[in-house]
Amino acid sequence: MKRKIFICISILFTILTGSIVISANNNLKWTKKDCEEAISFLKENINDFVQKYNDTEGMNNKLYASSVEYSTLLWLIEDDNYGVYIDFNGDNGYLVMTGDYTIYSLQITGDYPEYRNEKNLYFSYIDGFLFQDENGDYQILGKHSFSSSIASVPSTGTIDGDIHPLNIDAYVQERYPSYTLESKVQPLSSSFKYSRQFNTSYYISFRVDSDGNKQTITGQPEGNCSTNTCFALLREWQNRGYISGLPVGTIDKREAIKADPLYNTYGAGTVWLQTETNEKFNFIAGSYYMWEANNQALKSMPILYDEIRAYAIEKFSYTPVSGLYDSQIKEIMNFILTKYGNNVTLKETSKVSTIINQIDNNKACYLSVNGSLTYYDHAMVLLGVSKI
């Protein structure tokens, strides 16, 4: 939902609020001096501004600011121009606006010292407050990004709710009823060659009794989402011509599995008693489990995945239950790409607009989520986005 509220003091303020992406008006131009004058004007007219805002918003969204505690110029990414950051006194929030008084963001509660302490402050009306990292890439301020190939989404620190992959629209409608779907961008999903974790798991676990008799028909795959995603993404990039030379085809690993460095622990059929519930692997405290070689997958294991896994074991001590950090996956990808003569720069970002730009250009991304109620810590290939 997009709303425009016009507040007349002696200059027109346009407040853009709501939940969908806003497009900047490229015809609006202002100078650094305009921004400095806007700060002075708001300071001098703060009471009139608050009154007019409250008259428009009503009782439920009152602004209680009585003065300006801090102000500075910042850089507006989409406008490629200066903007204004105003921090209201106490816990009364802030606003971000242009030099012609278009307000991109207004919070009526909270204190945000991290924005005051940032030496060079940037703002995107898509991503919010940003800073530049050591590589000159924009990152979301206040959130630590996780290394990845192109895109990585950090934990927000809040519970996301149970998200079923086929019911994302219903999930958004339930939790964010004011959000409006702008568009869906899914240019890759129809041609992407999927890779199931089961099909790249050298070992699978079964629930058994104390004697090792299986209580389940199908096994649980390894926690290999990161290496599986790495494999699927590199294969996708090669299929689209962005990289070349990576090995294709499969290899039969059934005979060689006994020489695998993890075989004695995970392939010999050892029965163990699970002492603590592990939701990520569906392990229940007090139950018995057993790992064994996944001969169904080993019969035709992708050569590329075999190389990725071997490097992960050698360099990062990967196991079926250890997982890998995104920074480690980035190093693995760099190793594979360099080995086969590809000169590719892998970038990480938490900036949504950068991610969308990659998808718009038909480039799948490595996506990590952390602390998700549904996915826990998980890695996936990002093929499309819904813009709201």
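Below 8 Å between Cα atoms, with a sequence gap of 6+, how large is the relative contact order for the stretch 266-373 in percent?
Details: 67 pairs, mean separation 14.8, N = 108.
Worked out over the stretch 266-373, it gives 14 percent.
Determine the sum of side-chain charges near L73: Lys and Arg each +1, Asp and Glu each -1, restricted to other residues whose C-beta is under 10 angstrom from that of L73. Please report the intermediate quantities before stating the final value.
Working: positive: K32; negative: E36.
Result for the local shell: 0.
With contacts defined as alpha carbon pairs under 8 Å and 6 or more residues apart, what's the relative contact order of the chain in percent? Could the numbers behind the result be given before it?
On the way: 724 pairs, mean separation 74.6, N = 388.
Worked out over the chain, it gives 19 percent.
Net charge around S124, counting only other residues with Cβ within less than 12 Å of its Cβ (Lys, Arg = +1; Asp, Glu = -1)?
Details: positive: K351; negative: E78, D79, D80, D127.
Here the count lands on -3.
Of P177, G269, T56, which is farthest towards the positive pole of the chain's charge dipole, taken about the Cα centre with +1 and -1 on the beta-carbons of Lys, Arg and Asp, Glu respectively?
Most positive-ward Cα: G269.
Simple spin-label model, 7 Å along Cα-to-Cβ: A259 to E36 in nm?
Between A259 and E36, the label points sit 7.3 nm apart.
For the chain, take the longest principal axis of its alpha carbons; what is the angle in degrees between that and the long axis of helix 46-57, to the nearest 10 within 0 to 90?
On a 0 to 90 degree scale, this one is about 60.
If you take the square roots of the eigenvalues of the alpha-carbon gyration tensor of the stretch 336-388 and sort them as a ≥ b ≥ c, do you get rounded (a/c under 1.5), prolate (a/b over b/c) or oblate?
Numbers: a/c = 2.42, a/b = 1.39, b/c = 1.74.
Note, shape of the stretch 336-388 comes out oblate.
Ignoring any ligand, DNA or RNA, what whole percent of the accessible area of the chain comes from carbon and sulfur when the probe is 1.4 angstrom? Show your work: numbers first, answer last.
Working: 9360 of 19910 Å².
Carbon and sulfur together cover 47 percent of it.
Magnitude of the Cβ-charge dipole of the chain, K/R +1 and D/E -1, about the Cα centre, nearest 20 debye?
Working: 33 positive and 44 negative charges, 226 e Å.
Dipole size: approximately 1080 debye.
Where Lys and Arg each count +1 and Asp and Glu each count -1, what net charge lies around D111 among other residues with Cβ under 12 Å from its Cβ?
On the way: positive: R116; negative: E69, D87, D91, E114.
Neighbour charge sum, excluding D111 itself: -3.
Computed from the mean reciprocal separation of all distinct C-alpha pairs, what Kirkwood hydrodynamic radius does the stretch 53-101 have, in Å?
After inverting the mean inverse Cα-Cα distance, the result is 12.1 Å.
Can you tell me how the stretch 280-347 classifies by the Cα gyration tensor, rounded, prolate or oblate, using a/c under 1.5 as the rounded cut? Don't jump to the answer; show the numbers that get you there.
Details: a/c = 3.31, a/b = 1.76, b/c = 1.88.
Judged from the Cα gyration tensor, the stretch 280-347 comes out oblate (a/c at least 1.5, b/c at or above a/b).
Ranked highest first by average number of other Cβ atoms within 10 Å, how do 229-238, 32-41 line up? Walk me through the numbers before you get to the answer.
On the way: 229-238: 23.6, 32-41: 15.8.
Most protected by this proxy first, the peptides run 229-238, 32-41.
Just want the answer: with Cβ charges of +1 for Lys and Arg and -1 for Asp and Glu, which residue in S287, L298, L121 is farthest toward the dipole's positive end in the chain?
L298
Tell me which trypsin sites (Lys or Arg not before Pro) from the stretch 240-339 have a DSSP coil assignment and no more than 12 other beta carbons within 10 Å of their own.
Numbers: sites: R240, K253, R254, K258, K280, K299, R309, K315, K330, K339; in loops: R240, K253, R254, K299.
Counting only loop positions with at most 12 other Cβ atoms within 10 Å, the trypsin sites (Lys or Arg not before Pro) in the stretch 240-339 are K299.
For the chain, report the accessible area per residue in Å² (1.4 Å probe, heavy atoms, rounded to an integer). Write down the numbers at each step before the final one.
Values: 19910 Å² over 388 residues.
That works out to 51 Å² for each residue.
The values are calculated or read from the model by the stated rules, or taken from the named source; none is laboratory data. Every value quoted in this text rests on a predicted model; they were computed, and no experiment measured them. Note that each Cβ is placed from the backbone with ideal geometry, even for glycine, and that neighbours are counted across all protein chains shown. These area figures cover heavy atoms from the full protein model, side chains too; ligands, DNA and RNA do not enter into them. Shrake-Rupley method; radii C 1.70, N 1.55, O 1.52, S 1.80 Å.
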